[in-house]
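Trainee: I'd like to ask you about the structure that follows.
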Amino acid sequence: MAAPSKFAHVVYNTHRYAEMVDWYKRVFEARVAHAGDRLTFLTYDEEHHRFAFVNMGPVPDGGLPARTGMEVGVNHLAYTWNGLGELLDTYKRLKAMGVTPYRPIRHGLTLSMYYRDPDGNQLEFQVDAMDAKLANDFMAGEAFAKNPIGEPFDPEVLLARYESGQPVDDLVFRSDQAEAAAATPLATMDVETRARFGTQHAAGRA
């Protein structure tokens with residue numbers, strides 16, 4: 001059996017139809033591919049749609065149960081940005097809209113910020129901190145076996161350091177990774193990995 005070639009889209013059933021459509025339009029800077037009373041489709045790239053929303057009608061009189069993220073079903077969806085600069089630009093833009101991450105985590109192989117949409121669905125916005133081989137090796141290693149989740153970080157501290165060109169390694173990488181203590185890791189990273197950290201950071205560390 002052939003594996004899928006790409007992730008296509010996600011469909012949400014919602015009682016907060018207008019609110020959900022508006023939130024995803026603003027957060028992903030998405031455009032409307034089709035809108036109606038029952039269904040709306042959004043996209044943020046060349047794909048015909050990345051999100052679809054099914055209008056389930058008004059919130060029931062008894063209200064909806066609070067989401068904890070630990071119910072049976074999908075836990076979260078993850079989206080990857082091209083570099084640390086893009087991820088931090090997105091963080092700043094969303095913060096200005098009043099949308100902030102409830103859980104910033106440095107996983108080691110990725111640096112991630114977790115958000116919740118109006119229905120409580122969890123979204124992971126991430127940037128790769130390693131190339132594919134290093135990430136696979138890290139996941140197969142002892143440190144990941146002991147702590148498969150990672151460690152928290154402060155996005156504001158990361159943003160301030162990044163914008164001033166200061167080292168950010170101890171915030172991007174976990175304390176159990178050698179990269180966290182490296183003096184100039186960008187100088188030894190391959191070009192692809194260095195690019196993910198952003199040209200601004202690379203220039204600041206040169």
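Trainee: Report the local net charge at ALA181: Lys and Arg +1, Asp and Glu -1, summed over other residues whose C-beta lies under 9 Å from its C-beta.
Mentor: Here the charged neighbours net out to -3.
Trainee: Given H placed 1.01 Å from N in the peptide plane, which residues other than close sequence neighbours of ALA78 have an amide H under 5 Å from its amide H?
Mentor: GLU124
Trainee: Lysines near LYS25 by alpha-carbon distance under 25 Å, same-chain residues fewer than 8 away left out - which ones?
Mentor: The reachable lysines, counting only those whose Cα sits under 25 Å from LYS25, are LYS6, LYS92, LYS95.
Trainee: Taking θ as phi - 60°, what are the ³J(HN,Hα) couplings along segment 120-130 by the Karplus curve (6.51, -1.76, 1.60), each to the nearest whole Hz, with x for Gly and Pro?
Mentor: Once θ is set to phi - 60°, the couplings for segment 120-130 become x, 5, 9, 10, 9, 9, 9, 9, 6, 9, 9 Hz.
Trainee: Ranked from highest to lowest mean number of other Cβ atoms within 10 Å per residue, what is the order of the peptides 64-70, 106-112, 153-159?
Mentor: Going by the mean number of other Cβ atoms within 10 Å, highest first, we get 106-112, 153-159, 64-70.
Trainee: Taking amide H positions as placed 1.01 Å from N in the peptide plane, with prolines and chain starts having none, which residues 5 or more places from ALA33, or on another chain, fall under 5 Å of its amide H?
Mentor: Those qualifying (amide H under 5 Å, at least 5 residues apart or on another chain) are PHE41, LEU42, THR43.
Trainee: To the nearest 20 Debye, how big is the dipole of segment 10-55 about its Cα centre, given +1 on the beta carbon of each Lys and Arg and -1 on that of each Asp and Glu?
Mentor: Computed about the Cα centre, the dipole is about 140 debye.
Trainee: With the dipole of the chain worked out from charges on the C-beta (+1 for Lys and Arg, -1 for Asp and Glu) around the Cα centre, which of PRO58, VAL10, GLY83 lies farthest toward the positive end?
Mentor: PRO58
Trainee: If each DSSP helix of 4+ residues adds -39,500 (n - 2.57) and the sum is divided by the residues in the chain, what number results at 222 nm, nearest 500 deg cm²/dmol?
Mentor: -8500 deg cm²/dmol
Trainee: Still on this structure, please answer the following. Students often get this wrong, so try it: which of (1) 1.26; (2) 0.93; (3) 1.00 is Rg/Rh (Cα atoms, Kirkwood Rh) as calculated from the structure shown?
Mentor: (3)
Trainee: For TYR12, enumerate residues with amide H under 5 Å from its amide H, sequence gap 5+ or separate chain, H modeled in the peptide plane.
Mentor: ALA52, PHE53, VAL54
Trainee: Now for a separate question. Explain nothing, just compute: Karplus ³J(HN,Hα) = 6.51 cos²θ - 1.76 cosθ + 1.60, θ = phi - 60°, for every residue of segment 108-115 in order, whole Hz, x for Gly and Pro.
Mentor: x, 7, 9, 10, 10, 10, 9, 10
Trainee: Okay, moving on. Please label the shape of segment 91-188 as rounded, prolate or oblate, based on the square roots a ≥ b ≥ c of the eigenvalues of the alpha-carbon gyration tensor (a/c under 1.5 means rounded; beyond that, a/b larger than b/c means prolate, else oblate).
Mentor: Oblate is the answer for segment 91-188, as a/c is 1.5 or above yet b/c matches or exceeds a/b.
Any read-out appearing in this document is the output of simple, stated calculations on the displayed coordinates, not a laboratory observation. Just so it is clear, the model here is predicted, and its values are computed rather than measured. All Cβ positions, even for glycine, are placed from backbone atoms using ideal geometry, and neighbour counts span all protein chains on display.
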